[in-house]
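Colleague: Have a look at this one.
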Amino acid sequence: MPAVAHPANASELIIADNVAYAEHMAGGFTYTDEQTVSALAARFDNLRGECYRVSESAALIERLGETWAAGVSPLTRTPTAGPA
């Protein structure tokens with residue numbers, strides 16, 4: 001997902017067959033009723049539409065790795081402290 005505040009970033013969602021599992025900071029729950037599972041599946045599809053493509057994600061991870069390897073924080077673009 002792009003680096004934006006999104007409610008899905010604070011939870012986990014797994015959908016398998018006719019069951020959905022949603023987890024957040026206070027715990028998790030398994031849903032089996034068709035209406036809830038369908039609604040969660042629709043939300044998952046909407047989230048998938050907001051995500052980067054696989055190639056874009058791989059390129060982003062590679063760029064961040066190169067930035068860290070160069071000793072620069074990708075968050076602040078400033079040099080990081082050297083080894084202790």
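Colleague: Taking 0.36 nm per residue of sequence separation and subtracting the Cα-Cα distance, how much length would be gained by fully extending the chain between H24 and A58, in nm to one decimal?
Modeller: Working: separation 34, 0.36 × 34 = 12.24 nm, distance 2.68 nm.
9.6 nm is the gain from fully extending H24 to A58.
Colleague: Count the net charge of all other residues whose Cβ sits under 14 Å from the Cβ of A41, scoring Lys and Arg as +1 and Asp and Glu as -1. Walk me through the numbers on the way to the answer.
Modeller: Values: positive: R43, R48; negative: D17, D33, E34, D45.
Net local charge, A41 excluded: -2.
Each value in this text was obtained by applying a stated rule to the coordinates, not by laboratory testing. This one's a predicted model, so the numbers in the text were calculated from it and none came from an experiment. A quick note on method: Cβ atoms are made from the backbone with ideal geometry, for glycine too, and the neighbour counts reach across all protein chains shown.
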